[in-house]
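*Asks:* There's a structure below that I have some questions on.
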Amino acid sequence: MTMRSLAAYLFVLLLAFPAFAVEPDEILEDPVLEARARDLSKQLRCVVCQNQDIDSSNAGVARDLRILVRERLVAGDTDEQVLDFVVARYGDYVLFRPPWKPTTYALWIAPFLVLAIGATAAGAVLLRARSKSGPFGLSVQEEAEFADLKKHLEQER
Amino acid sequence: MKRLLVALPLLIVIVIGGFLLWGLNPERDPNAIPSVLISQPAPEFDLPPLEGIGVPGLARSDLTETGEPVVVNVFASWCVPCRAEHAELTRMVRDDGVRLMGINYKDKPKDALRWLNNLGNPYERIGTDLDGRAGIEWGISGVPETFIVDGSGTVLYRYVGPVVGDEAVEKLSTALAQVRANAGAGS
């Protein structure tokens, strides 16, 4: 490969940057607001192509929502107000992070609850194993029962 | 205590199995998004008419004092299922006395006009939503979508997708009949 074709090859590689869904005409001039808009867009679900955020979606509605988010920011809304605005129209469903409220308590608490139950069960099993003693790994109580049985057998003989 | 522990695996299997069974239910649509509009007043919007069609535009104020249930349909000429649905909606307007309002979603007015001139216009009012902003107010995820709004402007039902085929028509008709029955009982 000559130097020149190598250079051309590298140049073509440089052109292959990832495609973004956010189109140039959507981007705000104020870099701070734009950064907030990008951040908010990543928290909002696209309602057409679910499991994709509106920041990376090419769907028409996603684009409309991106523009809407930017409009609200320019109008002076806080991040929270922007999210509330979208939730008021599309419901909690559009949030990737579900809110903490009575209907979602189970959702948020369940993993910790399951972990606690598992830890308790594991702890109980381990503790019991440790409390066992004697040559056959019997607990003190089992040892006593065994001695009792042995005595009975000897008496019957 | 020990007996309880023995039953535990069975309990877990039943719980997980229950969820799996629920997931297999063919009636369940995992893509369905619960609408926040149901039982809420119709959203704020005010759309200009479609020039040349001869029916007025559509705004929230046109829905609040109708006195009877109306159907609001979001459509576009570029939407193929809308074409299929159009015949069914036309039939409902003709045979069932449905009052149909249209929101022409992100359409070129010229295309919408030609589309309606070709197929006929079943709509009593048509609002032209060029930038899709009214669509967002209604919380739509695409076209077509159909809403039933009662006589005082409260949204009572939403159907996502084309009203085509017996099942979809049945769903919309049943919902409309219920809304009408409730309105009759209420007045």
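The values are calculated or read from the model by the stated rules, or taken from the named source; none is laboratory data. The structure presented is a predicted model; accordingly, all values stated were derived computationally and were not measured. Every residue, glycine as well, gets a Cβ built from its backbone with ideal geometry; the counts of neighbours run over all protein chains shown. Heavy atoms of the whole protein, side chains included, go into the accessibility calculation; ligands, DNA and RNA do not. Shrake-Rupley method; radii C 1.70, N 1.55, O 1.52, S 1.80 Å.
*Asks:* Of the numbered conditions (1) within 24 Å of A:V86 (Cβ to Cβ); (2) exposed (fewer than 10 other Cβ atoms within 10 Å of the Cβ), B:P26 satisfies every one except a single condition; which is it?
*Replies:* Result: B:P26 fails condition (1) only.
*Asks:* Return the residues of the stretch A:56-103 that are free of Cβ contacts under 8 Å to residues at least 40 places away in the same chain, within 10 Å of chain B (Cβ to nearest Cβ) and either open to solvent by 60 Å² or more (accessible area, probe 1.4 Å) or farther than 23 Å from A:D25 by Cβ (or both); say none if nothing qualifies.
*Replies:* A:E71, A:V87, A:A88, A:R89, A:G91, A:D92, listed by residue number.
*Asks:* Being under 16 Å from B:L116 (Cα atoms) and away from chain A (no Cβ under 14 Å): is that true of B:E85 here? Let's see the steps before the verdict.
*Replies:* Numbers: under 16 Å from B:L116 (Cα atoms): yes; away from chain A (no Cβ under 14 Å): yes.
In short, yes.
*Asks:* Sticking with this one: So which residues in the stretch A:3-30 are open to solvent by less than 90 Å² (accessible area, probe 1.4 Å), in a loop (DSSP other than H, G, I, E, B) and either modelled with pLDDT under 80 or among the aliphatic types (A, V, I, L, M) (or both), if there are any at all?
*Replies:* A:A16, A:P18, A:A21, A:V22, A:I27, A:L28
*Asks:* Another question, if that's okay. Say whether the condition of being of a type in the set (F, W, Y), within 14 Å of another protein chain (Cβ to nearest Cβ) and within 19 Å of B:P41 (Cα to Cα) is met by at least one residue in the stretch B:149-164.
*Replies:* The initial filter retains those residues of the stretch B:149-164 that are of a type in the set (F, W, Y), namely B:157, B:159.
In the following step, the residues that additionally are within 14 Å of another protein chain (Cβ to nearest Cβ) were identified as none.
No, the conditions are met nowhere in the stretch B:149-164.
*Asks:* Hey, does the stretch A:31-44 have a residue that's of a type in the set (K, R) and closer than 19 Å to B:A32 by Cα? Don't jump to the end; show me each part of the working.
*Replies:* Going through the stretch A:31-44, the residues of a type in the set (K, R) turn out to be A:36, A:38, A:42.
After this cut, where a residue has to be closer than 19 Å to B:A32 by Cα as well, the list is none.
No; the residues of the stretch A:31-44 include none that is of a type in the set (K, R) and closer than 19 Å to B:A32 by Cα.
*Asks:* If you don't mind, another one. Go through the residues of the stretch B:89-105 one by one and say whether even a single one is open to solvent by 30 Å² or more (accessible area, probe 1.4 Å), under 19 Å from A:V48 (Cα atoms) and not small (G, A, S). Give the derivation first.
*Replies:* Applying the first criterion (open to solvent by 30 Å² or more (accessible area, probe 1.4 Å)) to the stretch B:89-105 yields B:90-91, B:93-97, B:99.
So of that shortlist, the ones also under 19 Å from A:V48 (Cα atoms) come out as none.
Checking the stretch B:89-105: not a single residue is open to solvent by 30 Å² or more (accessible area, probe 1.4 Å), under 19 Å from A:V48 (Cα atoms) and not small (G, A, S).
*Asks:* Something else about it: Restrict the check to the stretch B:64-72 and report whether at least one residue is in contact (Cβ under 8 Å) with a residue 60 or more places away in the chain, assigned to a helix (DSSP H, G or I) and open to solvent by less than 90 Å² (accessible area, probe 1.4 Å).
*Replies:* Of all residues in the stretch B:64-72, those in contact (Cβ under 8 Å) with a residue 60 or more places away in the chain come to B:64-72.
Next, from what is left, pick out any that are assigned to a helix (DSSP H, G or I): B:64.
Still in the running and open to solvent by less than 90 Å² (accessible area, probe 1.4 Å): B:64.
Checked the stretch B:64-72: at least one residue is in contact (Cβ under 8 Å) with a residue 60 or more places away in the chain, assigned to a helix (DSSP H, G or I) and open to solvent by less than 90 Å² (accessible area, probe 1.4 Å).
*Asks:* Is the stretch B:12-22 home to any residue that is open to solvent by 60 Å² or more (accessible area, probe 1.4 Å) and within 26 Å of the chain's Cα centre (by Cα)? Talk me through it step by step, then tell me what you get.
*Replies:* Let us first name the residues in the stretch B:12-22 that are open to solvent by 60 Å² or more (accessible area, probe 1.4 Å), namely B:12-16, B:19-22.
From what's left, within 26 Å of the chain's Cα centre (by Cα): B:22.
Yes, there is a match, as at least one residue in the stretch B:12-22 is open to solvent by 60 Å² or more (accessible area, probe 1.4 Å) and within 26 Å of the chain's Cα centre (by Cα).
*Asks:* When you scan the stretch A:40-50, do you find a residue that is part of a helix (DSSP H, G or I), open to solvent by less than 70 Å² (accessible area, probe 1.4 Å) and farther than 27 Å from B:E145 by Cβ, even just one?
*Replies:* To start, the set of residues in the stretch A:40-50 that are part of a helix (DSSP H, G or I) comprises A:40-41.
Keeping just the survivors that are open to solvent by less than 70 Å² (accessible area, probe 1.4 Å) gives A:40-41.
From the residues that got through so far, the ones that are farther than 27 Å from B:E145 by Cβ too are none.
No, every residue in the stretch A:40-50 fails to be part of a helix (DSSP H, G or I), open to solvent by less than 70 Å² (accessible area, probe 1.4 Å) and farther than 27 Å from B:E145 by Cβ.
*Asks:* Scan the stretch B:73-83 for residues that are in contact (Cβ under 8 Å) with a residue 40 or more places away in the chain and either open to solvent by 10 Å² or more (accessible area, probe 1.4 Å) or among the charged types (D, E, K, R) (or both) and jot them down. Outline the logic, then answer.
*Replies:* Narrowing the stretch B:73-83 to residues in contact (Cβ under 8 Å) with a residue 40 or more places away in the chain: B:73-76, B:79, B:81-82.
Hit for the stretch B:73-83 is B:P81, nothing else.
*Asks:* On to the next question. Go through the stretch B:121-137 residue by residue and tally those that are surrounded by fewer than 24 Cβ atoms within 10 Å (Cβ to Cβ) and more than 8 Å from chain A (Cβ to nearest Cβ). If you could, list the steps in order and put the result at the bottom.
*Replies:* Restricting attention to the stretch B:121-137, the residues satisfying the condition of being surrounded by fewer than 24 Cβ atoms within 10 Å (Cβ to Cβ) are B:121-122, B:124-125, B:128, B:130-133, B:136-137.
Within this subset, residues satisfying the condition of being more than 8 Å from chain A (Cβ to nearest Cβ) are B:121-122, B:124-125, B:128, B:130.
Going through the stretch B:121-137 one residue at a time, the tally reaches 6.
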